[in-house]
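Beneath this line is the structure, given in structure tokens, with notes to follow.
The values are calculated or read from the model by the stated rules, or taken from the named source; none is laboratory data. Being a predicted model, the structure only gives us computed values, none of them experimental. Cβ placement follows ideal geometry from the backbone for every residue including glycine, while neighbour counts extend to all protein chains displayed. Remember, those area values only see protein heavy atoms, side chains included, never the ligands or the DNA or RNA. Shrake-Rupley method; radii C 1.70, N 1.55, O 1.52, S 1.80 Å.
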Amino acid sequence: MSSPLAAVSSAAEVSSPGPLWVQLVKAVVIFALVLQLAPTLVWLERRLLGRFQSRLGPNRVGPAGLLQPVADVIKLVSKESSTPTTAVPWMMAIAPVISIGTAVLTLAIIPFGAPGAYGGEFALAGIDVSIGILYFLAFGSLAFYGLLLGGWASGSKYSFLGSMRAAAQLVSYEVAIGLSLLGVAIAAGSLSLVDIVAAQDKVWFVVPQVVGFLIFLVAGFAEAARPPFDLPEADAELVAGYNTEFGGMRFGTFFLAEYLEIIVISAVAAAVFLGGWHGPGPEFLGPTWMFLKMAVLVLLFIWVRATVPRLRYDQLMSLGWKILLPLATLNVLVTATLVVLL
Amino acid sequence: MLFEQILFFLAAAGALAGAVGVVVLRNPFFSVLALVGHLLALAVLFLLLRAEFLAAAQVVVYAGAVMVLYVFVVAYVGGIEEPLGPSAGSLRVLGPVFAAALLVEVAIATVGSGLRAVDSAGPDVTAGFGSPQAIGNLLMLRFLIAFEVASYLLLVAAVAAVVLARRRRGLEEAGGERVYQVGRRPERGPQAADPAAAGTGSPGAEPVGEREPADEAGPAEREPATAGTGASRED
């Protein structure tokens, strides 16, 4: 999976990638930083859910429970990865890898700062590709194979139903996500995320594209299979959906991929709609603003999870196809008309 | 560049292996997955040809949408090691003939045109080649008519799919609001569960009772319905 990435970086750079050592540093920093964010996010979510539900949340391991993710990871790593007799073992092994791979690869295009903010000419993004938004959509749609293969290979009906739901849900909301981003692409005149953020130096796209932003948020919740759209793993109906039969670090990998997905969707929303690195102060503060905006969106994910009950399956489908899709299409039509007229 | 050459041979081998796998593998589920692998390898080859928009479109449209629906359908009704019927006598003769004809055709096309661009230097492209802007300019200026005709074709297909899906659900439309009844599942059980009943090799392949027993349209035709209205009846 890393091979397309490398080819993209050599073939399709919009702004200069910088020398090799810069690329390596960027890759390591992004990877290390965001992978640390995921366990922190798990801790934050459990603490906040506790507050939302008038209880304490994890508070025993380390100060304020901060070491709880470490304890969880140690537990997961040391657990056995079991496979049911009806399962397809090799497929159960690669399914979490697909999930985590697609989530991590999407991180590469997130712009964290203005090109040249820290000296040099290179963009503060893993890679700046001319197909930015499509790259995000491509790996978003490939992420589905992780869920589907995981559920199918488990040889369990709960898992299978969960992965079938994931299939239908992801395909349905992929369309809405694509169309909601299309309005921004038309307004910015580019698919590159760096260009899109650069086009927001006066006004963030959330103002002219507020419909697109809302559609992206709702569809993003569904894409990440988060409550209220967590039908693929609806615990009241399907035990845990596609990951029911997964134990140990295989489950941990699915879990990590899910939280990475939240971070990726927040980052894309922050870059595309909330002005990315733009904010008051000098240019080198860009990454701070970016992370702040991402944090706000991530908190929204948690807040919504604690507030809204899960949708029924038919409600989910009619929301996607009968409300979001026509709205997004209308948004694109209006945007295109306005861009041509003005 | 050495790295791109290594990548080319990896992707080419992947594409060939995927294509062979589609035909050779007996389990339809693995066949479909082999096709997915093939399409992904093709996307890498597109990238090496500096056609990044095509590569992304390939992944989004084929691997991400079309194949998802194939996998969806096959996972429900297939995944079974079904013995294929004995191949008809005439097919056994005609098959190799057509395959040989295709091979000759591709060989002529490759030798006639494509090989000139293929050398160790790689394709000679200008900056921005294969970018969304370049593709957009081509589609909107040079190939406008073909582009519009293709989009009408797709529109017709989409409308036809909606019409087909609606006709099968005609009774429900007349009945007004649909209410899910838990007790109805056993009624549909026999027809719906039939394909899965034989499925020893397919993990968890029991349909959930939302399939239409009368499957007039093939898997390909019912794609939009499956993702949209059909799947909405799961619960």
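Kindly indicate the residue of segment A:75-114 that is more than 14 Å from every other protein chain (Cβ to nearest Cβ) and over 25 Å from the mean Cα position of the chain (by Cα) and also farthest from A:VAL28 (Cα to Cα) among those meeting that condition.
If we take residues in segment A:75-114 being more than 14 Å from every other protein chain (Cβ to nearest Cβ) and over 25 Å from the mean Cα position of the chain (by Cα), then A:SER82 is farthest from A:VAL28 (Cα to Cα).
Identify, by number, the condition in (1) open to solvent by less than 70 Å² (accessible area, probe 1.4 Å); (2) within 30 Å of A:SER130 (Cα to Cα) that B:LEU155 doesn't meet.
The one condition B:LEU155 does not meet is (1).
Hey, can you tell me all the residues within segment B:7-16 that are facing another protein chain (nearest Cβ under 9 Å) and either open to solvent by 30 Å² or more (accessible area, probe 1.4 Å) or within 17 Å of the chain's Cα centre (by Cα) (or both)?
B:LEU10
Does any residue of segment A:266-278 turn out to be open to solvent by 10 Å² or more (accessible area, probe 1.4 Å), assigned to a loop (DSSP other than H, G, I, E, B) and in contact with an Asp or Glu (Cβ under 9 Å, 6 or more places away or on another chain)?
Quick first cut of segment A:266-278, residues open to solvent by 10 Å² or more (accessible area, probe 1.4 Å) only: A:274, A:277-278.
Keeping just the survivors that are assigned to a loop (DSSP other than H, G, I, E, B) gives A:274, A:277-278.
Filter again for in contact with an Asp or Glu (Cβ under 9 Å, 6 or more places away or on another chain), leaving A:277-278.
Yes, segment A:266-278 contains at least one residue that is open to solvent by 10 Å² or more (accessible area, probe 1.4 Å), assigned to a loop (DSSP other than H, G, I, E, B) and in contact with an Asp or Glu (Cβ under 9 Å, 6 or more places away or on another chain).
Please pick out the residue among A:MET290, A:MET294 that is free of Cβ contacts under 8 Å to residues at least 60 places away in the same chain and surrounded by 22 or more Cβ atoms within 10 Å (Cβ to Cβ). Spell out how you get there, then give the answer.
Working: A:MET290 fails: free of Cβ contacts under 8 Å to residues at least 60 places away in the same chain.
One residue alone meets the criteria, A:MET294.
For segment A:146-173, how many residues are facing chain B (nearest Cβ under 7 Å) and either open to solvent by 10 Å² or more (accessible area, probe 1.4 Å) or hydroxyl-bearing (Ser, Thr, Tyr) (or both)?
8
Does segment A:40-71 hold any residues that are of a type outside the set (Ser, Thr, Tyr), without any contact (Cβ under 8 Å) to a residue 60 or more places away in the chain and in a helix (DSSP H, G or I), and which are they?
Across segment A:40-71, the qualifying residues are A:TRP43, A:ARG46, A:ARG47, A:GLY50, A:ARG51, A:PRO63, A:ALA64, A:GLY65, A:GLN68, A:PRO69, A:VAL70, A:ALA71.
Within segment A:43-75, track down each residue that is closer than 22 Å to A:PRO309 by Cβ and in contact with a helix residue (DSSP H, G or I) (Cβ under 6 Å, 6 or more places away or on another chain).
Matches in segment A:43-75: A:GLU45, A:LEU48, A:LEU49, A:PHE52, A:GLY57.
Before we move on, is A:ILE74 free of Cβ contacts under 8 Å to residues at least 60 places away in the same chain and loosely packed, with under 15 Cβ neighbours inside 10 Å?
yes
Just for segment B:23-53: of the residues that are surrounded by fewer than 17 Cβ atoms within 10 Å (Cβ to Cβ) and in a helix (DSSP H, G or I), which one is farthest from the chain's Cα centre (by Cα)?
Only one residue tops the list, namely B:VAL24.
Given the criteria more than 10 Å from chain A (Cβ to nearest Cβ), more than 15 Å from the chain's Cα centre (by Cα), part of a helix (DSSP H, G or I) and surrounded by fewer than 21 Cβ atoms within 10 Å (Cβ to Cβ), does B:PHE3 qualify?
Working: more than 10 Å from chain A (Cβ to nearest Cβ): no; more than 15 Å from the chain's Cα centre (by Cα): yes; part of a helix (DSSP H, G or I): yes; surrounded by fewer than 21 Cβ atoms within 10 Å (Cβ to Cβ): yes.
So B:PHE3 does not fit the description; no.
What number of residues in segment A:210-224 are without any contact (Cβ under 8 Å) to a residue 60 or more places away in the chain and buried (at least 23 other Cβ atoms within 10 Å of the Cβ)?
Total satisfying the criteria: 2.
So A:PHE301 passes all but one of these: (1) at pLDDT 80 or above; (2) part of a loop (DSSP other than H, G, I, E, B). Which condition number does it fail?
(2)
Just one of the numbered conditions (1) open to solvent by 10 Å² or more (accessible area, probe 1.4 Å); (2) in contact with a Gly (Cβ under 8 Å, 6 or more places away or on another chain) is not true of A:ALA198; which one?
Of (1) open to solvent by 10 Å² or more (accessible area, probe 1.4 Å); (2) in contact with a Gly (Cβ under 8 Å, 6 or more places away or on another chain), only one is false for A:ALA198: (2).
Please enumerate the residues belonging to segment B:17-54 that are among the basic types (Lys, Arg) and either within 14 Å of B:VAL68 (Cα to Cα) or within 8 Å of chain A (Cβ to nearest Cβ) (or both). Step through it out loud before you land on a result.
Step one: filter segment B:17-54 for residues among the basic types (Lys, Arg), giving B:26, B:50.
Of everything in segment B:17-54, just one residue is among the basic types (Lys, Arg) and either within 14 Å of B:VAL68 (Cα to Cα) or within 8 Å of chain A (Cβ to nearest Cβ) (or both), namely B:ARG50.
For segment A:305-342, give me each residue that is open to solvent by less than 50 Å² (accessible area, probe 1.4 Å) and either part of a loop (DSSP other than H, G, I, E, B) or in contact with a Phe, Trp or Tyr (Cβ under 7 Å, 6 or more places away or on another chain) (or both). So that I can check it myself, show each step before the final result.
Step one: filter segment A:305-342 for residues open to solvent by less than 50 Å² (accessible area, probe 1.4 Å), giving A:306, A:311, A:313-314, A:316-320, A:324-325, A:328, A:331-332, A:335-336.
Result: A:ALA306, A:LEU311, A:LEU316, A:GLY320.
Do we have any residue at all in segment A:122-133 that's part of a helix (DSSP H, G or I), more than 8 Å from chain B (Cβ to nearest Cβ) and either within 20 Å of the chain's Cα centre (by Cα) or not aliphatic (A, V, I, L, M) (or both)?
The answer is yes; a qualifying residue exists.
Which is aliphatic (A, V, I, L, M) and within 14 Å of chain B (Cβ to nearest Cβ), of A:LEU292, A:LEU325? Full working, then the answer.
Numbers: A:LEU292 fails: within 14 Å of chain B (Cβ to nearest Cβ).
After applying the criteria, what remains is A:LEU325.
Among helices (runs of 4 or more DSSP H) lying entirely in segment A:145-243, which contain 1 or more residues that are hydroxyl-bearing (Ser, Thr, Tyr)? Break it down into steps so the answer makes sense when it comes.
Details: elements: A:157-188, A:193-198, A:210-223, A:235-238.
Hits in segment A:145-243: A:157-188.
Would you please name the residue that is modelled with the highest pLDDT, looking only at residues in segment A:18-50 that are more than 22 Å from the chain's Cα centre (by Cα) and open to solvent by less than 40 Å² (accessible area, probe 1.4 Å)?
A:GLY50
Based on what the data block shows, is A:ILE177 open to solvent by 10 Å² or more (accessible area, probe 1.4 Å) and more than 9 Å from chain B (Cβ to nearest Cβ)? Break it down stepwise before answering.
Working: open to solvent by 10 Å² or more (accessible area, probe 1.4 Å): no; more than 9 Å from chain B (Cβ to nearest Cβ): yes.
Criteria not met by A:ILE177.
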